[in-house]
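Student: Have a look at this one.
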Ligand SMILES: [Cu+2]
C-alpha cells in the first residue's frame, strides 16, 4: 500500500504537472449578438472550429454566447473574435483570456 502511494506521488504527480504545462487550454465566452436564428450557431461553430488550436466549441443560442476552448499556444481571443467577425458575426469576449 505504501509503495503504491509513493509510486503515485513520484511518477504520476510530476507527469500531470508536465502535461498541464505543455498544453494550456483556455476557455473564453464570446457574446455573439448577431445569432438571430437557429441556423446562425452552425456557421459560428464551423468558423471557430476551423481556427487552429480550437479544441471545443459550445454554442448557447438562447444566451447568444459561444464557449470556445483553445490552446493558448496556438491561438488567442483576438483571433477568435476576428474569425467570427469575418464570418459576419461580430463577437465580444465576456472575459479577457489574458
Ligand atoms: Cu441565422
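The values are calculated or read from the model by the stated rules, or taken from the named source; none is laboratory data. Worth saying up front: this structure is predicted, and the values here are computed from it rather than measured. When we count neighbours, we look across all protein chains shown, and the Cβ atoms used for this are built from the backbone with ideal geometry, even at glycine.
Student: If the Cβ limit is 6 Å and pairs must be 6+ apart or interchain, which residue in the range 25-45 that is over 16 Å from residue 78 (Cα atoms) pairs with which residue that is more than 16 Å from the ligand (Cβ to nearest atom) and at pLDDT 95 or above?
Tutor: Partner pairs satisfying both residue conditions: 45/57.
Yes/no matrix, rows are residues, columns are (1) out of contact with any strand residue (DSSP E or B) (no Cβ under 7 Å at 6 or more places or on another chain); (2) free of Cβ contacts under 8 Å to residues at least 60 places away in the same chain; (3) within 19 Å of residue 41 (Cβ to Cβ):
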{"residue": "54", "(1), (2), (3)": "no, yes, yes"}
{"residue": "59", "(1), (2), (3)": "no, yes, yes"}
{"residue": "66", "(1), (2), (3)": "no, yes, yes"}
{"residue": "81", "(1), (2), (3)": "no, yes, yes"}
{"residue": "89", "(1), (2), (3)": "yes, yes, yes"}
{"residue": "94", "(1), (2), (3)": "no, no, yes"}
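Student: Can you go through 14, 52, 25, 38 and tell me which one is at pLDDT below 95 and under 12 Å from the mean Cα position of the chain (by Cα)?
Tutor: 25
Student: Could you grab me the full set of residues in the range 32-67 that are within 16 Å of the ligand (Cβ to nearest atom), assigned to a strand (DSSP E or B) and under 20 Å from residue 86 (Cβ atoms)? Can you show your working first?
Tutor: Here is the first cut: in the range 32-67, the ones within 16 Å of the ligand (Cβ to nearest atom) are 32-48, 59-66.
Add one more test, that the residue is assigned to a strand (DSSP E or B), and what stays is 59-60, 65-66.
Residues satisfying the conditions are 59, 65, 66.
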